[in-house]
Amino acid sequence: MTHIQTILQELTSTVEAIDQAETTQLAEAVLKADRIFLAGAGRSGLMGKAFVMRLMHMNFDAYVVGETVTANLREGDLLIIGSGSGETKTLVPIVEKAKQLGGTVAVVTIEPTSTLAKLADLTVKLPGVPKERTATADETVQPMGSLFEQTMLLFYDALILHIMAAKQLDSKTMYGKHANLE
């Protein structure tokens, strides 16, 4: 079996374990929010950037926290945090500030009892092995947090499909917001 086949088998197992009620709850929060902000560190942050890009393609006001063009968060806005461990120290003050400003906070994490999850208004638990822990062979053959990060990207893309259906959008419509200076 190739490494790619092994990874695909692992991802099949992880995506089947995602709670659909949590997925629907997050999709509804996105649809209800005035604006959407996303924060994450490392590869989790990169997966989030891909999600924000698709939200922008659907004409949402969506921002990545820390970018120079990020707006200010206000009441009625949604902050989504991606953190495998749910303990990323740099993200805790961002969540606390968002709550202080009246924002709604969602956390996508492996650990639903983590610090970030406890601060959040809603949590989506994704399967994976935190990078801080050595995985056993039956959990994943992949290094560090790779399984969680890949699962997160697939989850975000599936969430986009859920939102597209709710807004009755298709890819053709979304291309109207695609970058054209490339």
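We did not get these values from a lab; they are worked out from the coordinates using the rules stated. Just so it is clear, the model here is predicted, and its values are computed rather than measured. Glycine also receives a Cβ, built like all others from the backbone with ideal geometry; neighbour counts cover every protein chain displayed.
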Considering the Cα trace of the range 1-52, what is its radius of gyration and what is Dmax, both in angstroms? 14.7, 47
Can you show me the helix-derived [θ] at 222 nm for the chain, built from DSSP H runs with n ≥ 4 at -39,500 (n - 2.57) apiece and divided by the number of residues, rounded to the nearest 500. -14000 deg cm²/dmol
For the chain, averaging the sequence separation of alpha carbon pairs under 8 Å that lie six or more residues apart and dividing by its residue count, the contact order in percent is 24
Output the DSSP H helices from the chain with an along-axis C-alpha extent of no less than 27 Å and a mean Kyte-Doolittle hydropathy no less than -1.0. 146-167
Determine the shape class of the chain: with a ≥ b ≥ c the square roots of the Cα gyration tensor eigenvalues, call it rounded for a/c under 1.5, and otherwise prolate if a/b is greater than b/c, oblate otherwise. oblate
Reach of Lys49 by Cα under 14 Å, taken over aspartates and glutamates that are not fewer than 8 positions away in the same chain: Asp61, Glu67, Glu149, Asp157
Just to confirm a number: summing +1 for Lys and Arg and -1 for Asp and Glu over residues other than Ala17 whose beta-carbon lies under 14 angstrom from that of Ala17, what do you get? -4
